[in-house]
Amino acid sequence: MFKISTHTFLYSLLISFSLFQSADSSEVMKVNFAYVGDVNHPALLGVKQGLEEANLQGQFLNQEYNLDILSVADISKQDFSNYIAVMAATNIESFKKLASTHTSIPVFNLINRADELRTACIENALHTIPSNRMAKDALAQWHQKKPESRAGAQAWHHDFVKFAARDLNKRFKKKFDTVMNDYSWAGWAAIKMTSDAVARTQINEPDKMLHYLKTELSFDGQKGSNMTFRETGQLRQLLLIVEDNKIATEAPVRGVAKPPTLDSLGTLNCG
């Protein structure tokens, strides 16, 4: 049986009883996602984790979440009109094609870190994976404190415990018998923020969801800060500085980052 933290359970109950007390139990809202990419990629594990949590919450809210898993070869022949969002774990070219072909649907980039995807400001592209520039800026801040460090910057780490991250890591490890990494976190986050938005607003149209995510989203993501999307489509987020597979600190690095906010990491604007 799938278990969740007390925090998540209480959150589900709160939404259920405060927002949807009058919901007719016979009227189930069906919310459809698509995943496009390698079925063996860790991003898909994160998507599945998010989907299971969404359906657990959905039991209280008369919502049912479904996932179609597609290959890149399926893009040209698949009808995407019934999906509230698409999760993409593809190369850059396939991602651009997918986003440009289905412009009214949120298309989440789960794996590509290329800065060019951010500066291109593709209208419906949402990047939950951090960009190369974000990692570079995080390490530059850290090296001001520890010049000799050979650390790396990551979106996630299996030893992260703050902000209910411990619970998320435990759930993921128990379900898949492997640890959550950057890509699986990015997949989980994309599903989580979308399903939470459905729970709050009952939006089930992709164009309205795209607008909501870009303009009204405030997402914790078990990182302890209110994450939002920039005009580039990049999700502002805390990064972890990891050395010898251990978390050394978090970025923005306190006392170094200018500005001392998430906007000290990565490109802020289009072009």
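Annotation note: Cβ proximity below 6 Å between a residue of the stretch 183-197 that is assigned to a helix (DSSP H, G or I) and a residue that is among the aromatic types (F, W, Y) and buried (at least 24 other Cβ atoms within 10 Å of the Cβ) (sequence gap 6+ or interchain) occurs for W185/W156; A190/F108.
Looking at S195, S225, can you tell me which residue is open to solvent by less than 10 Å² (accessible area, probe 1.4 Å) and among the hydroxyl-bearing types (S, T, Y)? Working first, answer last.
On the way: S225 fails: open to solvent by less than 10 Å² (accessible area, probe 1.4 Å).
Only one candidate qualifies: S195.
Scanning the stretch 149-163 for residues that are part of a loop (DSSP other than H, G, I, E, B), surrounded by 19 or more Cβ atoms within 10 Å (Cβ to Cβ) and among the small types (G, A, S) yields a count of 2. Contact annotation: residue pairs with Cβ atoms under 8 Å, 6 or more positions apart or on different chains, pairing a residue in the stretch 81-93 that is farther than 18 Å from A189 by Cβ with a partner that is surrounded by 14 or more Cβ atoms within 10 Å (Cβ to Cβ), are N82/N32; N91/N112; I92/N112; I92/A114; I92/L117.
Of the strands (runs of 3 or more DSSP E) lying entirely inside the stretch 41-135, not one is found with 3 or more residues being more than 19 Å from the chain's Cα centre (by Cα), crowded, with 21+ Cβ neighbours inside 10 Å and not aromatic (F, W, Y). Among the numbered conditions (1) free of Cβ contacts under 8 Å to residues at least 40 places away in the same chain; (2) among the hydroxyl-bearing types (S, T, Y); (3) part of a helix (DSSP H, G or I), the only one that S225 does not meet is (3).
Only a single item in (1) β-branched (V, I, T); (2) under 28 Å from K145 (Cβ atoms); (3) surrounded by fewer than 22 Cβ atoms within 10 Å (Cβ to Cβ) is not met by I241, and it is number (3).
The values are calculated or read from the model by the stated rules, or taken from the named source; none is laboratory data. As the structure is a computational prediction, the values presented were derived from the model and not from experiment. Counting neighbours? That spans all protein chains shown, and the Cβs are built from the backbone with ideal geometry, glycine included. The accessibility values were calculated without ligands, DNA or RNA, using every heavy atom of the protein model including side chains. Shrake-Rupley method; radii C 1.70, N 1.55, O 1.52, S 1.80 Å.
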